[in-house]
Each structure stands twice: as structure tokens, then as C-alpha cells.
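Here is the structure we will look at.
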Amino acid sequence: MNNMPDPEIKLPPEQDRGEVVLAAGCFWCVEAVFQALAGVEDVTSGYAGGDADTANYQAVCTGRTGHAEVIRVRYDPAVVSFGTLLKVFFAVAHDPTQLNRQGNDLGPQYRSAVFVADDEQRRVAQAYIEQLDRSGVFGAPIATKLEPLKAFHEAEAYHQDFAINNPSQPYVCMVAQPKLDKLARQFPGHLAGD
């Protein structure tokens, strides 16, 4: 998707909190994409959208908790912008036109969402979704929702750094690795170590 436009509305670095929570399907593979970006300091898999007492993998997998599998990205706005993170989110991390699913992963826990922490994040993300819909780059309406970030709940330890720790796991090979290959093709110069 090399015709993916940059966001027209930008979040100035001085207004950027340096943290965003994103939902884009299984957190194992989304985490791997954002860990590969220059300027990203930490990526943590977790849950958002539901209550603390149901923020565990077994409960979230039922699809009845209100939670989505998410990642929390902490980054240096002087190195990577909120807009670049949004562009990677839409272009590489998942298919934002799918409602409550990513590939074979079905249910609201796999929804596409930006969990906005403040009005500036909401303004920039909403403008970018509208811009992408106008551009027709996806050929279908974007299903991504903007949801208020009420709380982020860190996932169990075995979910953290999953693709890094399990590179030969079949799901990682079939889902995460193609995303990483796409990231390298579409975002040269934005990768950690470049």
C-alpha cells in the first residue's frame, strides 16, 4: 500500500504525550510491528475497553468483556511522530476495514480501535480516518473506532515480546512475519537500527 498518504493533520511534538494504545487484532503480531520502529521505546501487550476484573486472557477470549487485545506504545515524539505511528497502524499492522475481526480471529476483542487518551489524539486520529476514507486507498470504509482510554491492563507475562521469544511459532510465522516484511518495504528508514 505504497499510496498510503501521510496524515494531513499533525500532532505537534510538544502536545504529544509519547504514548498511544492501539487495537488491531491479536496483540502478538501488532506488538512485533511496533517494536521494529525507530523511536519506539516500549511496547506492552494488554487489554482495554472493559473492567479490571475481566482483564485476563481467558475472559477476553470469550468476546463478552468489552476488552480488546491492545498494545501500549511508548515512544519519543522527537524521533517518531504520532502521525507515523497511525500510518503504520493503518498501512501495516492490520486491515482497518474489517469489523470485529482480523483474518481468522473473530470477535470484538479483535476490533480495530485507537484508544485515545486526550482531545489532541482524538482530533488527529479522527482527521486521518476521514482523510483515508476520502482517499479511497482501502476500497472499503474504515471500521476503526476511536474509544476513550479509561484504563490499560497489562497482559500476562507470556504474551509480552511473544514474536521475539517465539519466532518459529506457526501463528507468528504466518501472521507477524509478513507484517514485518511489509513494514520493511513500506517504511525504510523508520526501522530500529536503520
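The values are calculated or read from the model by the stated rules, or taken from the named source; none is laboratory data. Everything numeric here is computed off the predicted structure, so don't read it as measured data. Backbone-built Cβ (ideal geometry, glycine too); neighbour counts: all protein chains shown.
Figures for the structure shown
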read-out	value
G83 being modelled with pLDDT under 95, out of contact with any strand residue (DSSP E or B) (no Cβ under 7 Å at 6 or more places or on another chain) and not hydroxyl-bearing (S, T, Y)	no
Which numbered condition P77 misses (of (1) touching a Phe, Trp or Tyr at 6+ places or on another chain (Cβ under 9 Å); (2) surrounded by 15 or more Cβ atoms within 10 Å (Cβ to Cβ))	(1)
Extreme residue, farthest from V124 (Cα to Cα), among residues of the stretch 72-106 that are in a loop (DSSP other than H, G, I, E, B) and small (G, A, S)	G103
Conditions (1) of a type in the set (D, E, K, R); (2) within 14 Å of the chain's Cα centre (by Cα); (3) outside any loop (DSSP other than H, G, I, E, B); (4) within 21 Å of F187 (Cα to Cα): number failed by E69	(4)
Every residue from the stretch 9-38 that is farther than 14 Å from V79 by Cβ and without any contact (Cβ under 8 Å) to a residue 60 or more places away in the chain	P12, E14
Some residue of the stretch 126-134 being part of a loop (DSSP other than H, G, I, E, B) and in contact (Cβ under 8 Å) with a residue 24 or more places away in the chain	no
Residue match in the stretch 150-159 (condition: in a loop (DSSP other than H, G, I, E, B) and under 19 Å from A36 (Cα atoms))	no
Subset of the stretch 39-56 (residues that are touching a residue at least 24 places away in the same chain (Cβ under 8 Å) and loosely packed, with under 15 Cβ neighbours inside 10 Å)	E41, D42, A52
Failed item in (1) of a type outside the set (D, E, K, R); (2) under 15 Å from F115 (Cβ atoms); (3) part of a helix (DSSP H, G or I); (4) more than 17 Å from the chain's Cα centre (by Cα), with A59 passing the rest	(2)
Of residues in the stretch 1-30 being in a loop (DSSP other than H, G, I, E, B) and touching a strand residue (DSSP E or B) at 6+ places or on another chain (Cβ under 7 Å), the one surrounded by the fewest Cβ atoms within 10 Å (Cβ to Cβ)	G18
Output for the stretch 106-141, where each listed residue is crowded, with 19+ Cβ neighbours inside 10 Å and in contact with a helix residue (DSSP H, G or I) (Cβ under 8 Å, 6 or more places away or on another chain)	Q109, V114, V116, Q121, V124, A125, Y128, L132
